[in-house]
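Working notes, structure below.
Nothing in this text is a laboratory measurement; each read-out follows from the coordinates by a stated rule. In this text, all values refer to a predicted model and were calculated from it rather than measured experimentally. Every residue, glycine as well, gets a Cβ built from its backbone with ideal geometry; the counts of neighbours run over all protein chains shown.
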Amino acid sequence: MDILYLDLWFILNLLCDYLLCLLTARAAGLCLRRLRYALAALAGAVYACAAYLPALRFLAYPGWKLLAGGLMAWIAFGAEAHPLRCTLLFFAVSAFFGGALLALSGGRPLCLSLQELLLAFLLCYGLGTLLFRFRSLLQSRQFRAVRVEHCGRFASFQALLDTGNGLRDPVSGARVVIASPRALSGILRENTALFDTLAPVELQELSAQIPVLSGRLRLLPFSAVGGKGLLPAFRPERLFIDGREERDYLIAVSPQTVGDGFDAII
């Protein structure tokens, strides 16, 4: 006959339920309310122990489990702006943990000891934390598809949306797309390498010899963490961002504007 130590079972559920609430809050991007999560975990731990008492075995039925989970979610997230969404996310995170625990235990989680259950749960928590952080990183990196048409030539590339990019043309106030020479190779063609090697002032002096930029290249002052400087820039004939034509933009060229999955910054 299996023996369940309620004190250890209580502590295990208290810790696991707290981690569930914490991971849900982080996945939802909430301001952490640790006291509420602790109270929700306490309610969950009490329920888990009560369900094993002979007189309260009916609490182990699925309907009561669902009710207990809803109560935990209400305690933890009832004060949030979107409690229903948080509740659904809480159940989704719980389902993820249940599936991961089932896989780690070879389909027999009840055969694990309390120590093995705790270790498996902590492993699932670490995996879940990494997944949600990776998802947040991807969501924070928003890309735009850019197409530039100029003098019968065109270039298409991916641009990173940078909310901190405040570069503007000081004369017209036009916004600026900062692109790498590689991104604009379809327009610059044989002159692409010049933008990798020459200084902005030299490029402006040579621009009269570049048909697509003759009389069009100007220098834009910029200020960044690394210092101040000038960027060669021109106004394209047509520019599209995510298929929508934009008219009030300049294209600045910088060899440093290259990253993982993008060749320009908006």
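Each peptide in 89-95, 30-36, 197-203 gets a packing score, the mean of other Cβ atoms within 10 Å over its residues, and the list from highest to lowest is 89-95, 197-203, 30-36. Stokes-Einstein diffusion of segment 143-265 at 37 °C, 0.692 mPa s viscosity, Kirkwood radius from Cα pairs, rounded to a whole number: 228 µm²/s.
Ordered from longest to shortest, the equivalent ellipsoid semi-axes for segment 19-77 are 25, 11, 7 Å, each the square root of 5 times a Cα gyration tensor eigenvalue.
For residue 231, the residues whose modelled amide H falls within less than 5 Å of its own, excluding neighbours fewer than 5 places apart on the same chain, are 220, 222. In terms of packing, defined here as the mean over residues of other Cβ atoms within 10 angstrom, the peptides 185-192, 43-50, 167-174, 18-25 line up highest first as 18-25, 43-50, 185-192, 167-174. Taking θ as phi - 60° and the Karplus parameters 6.51, -1.76 and 1.60, the scalar couplings of segment 146-159 work out to 10, 10, 10, 10, 7, 6, x, 10, 8, 9, 10, 7, 8, 10 Hz in sequence order, x denoting glycine and proline.
In loop segments of segment 201-266 as defined by DSSP, the trypsin sites (Lys or Arg not before Pro) with at most 16 further C-beta atoms inside 10 Å of their C-beta are 216, 247.
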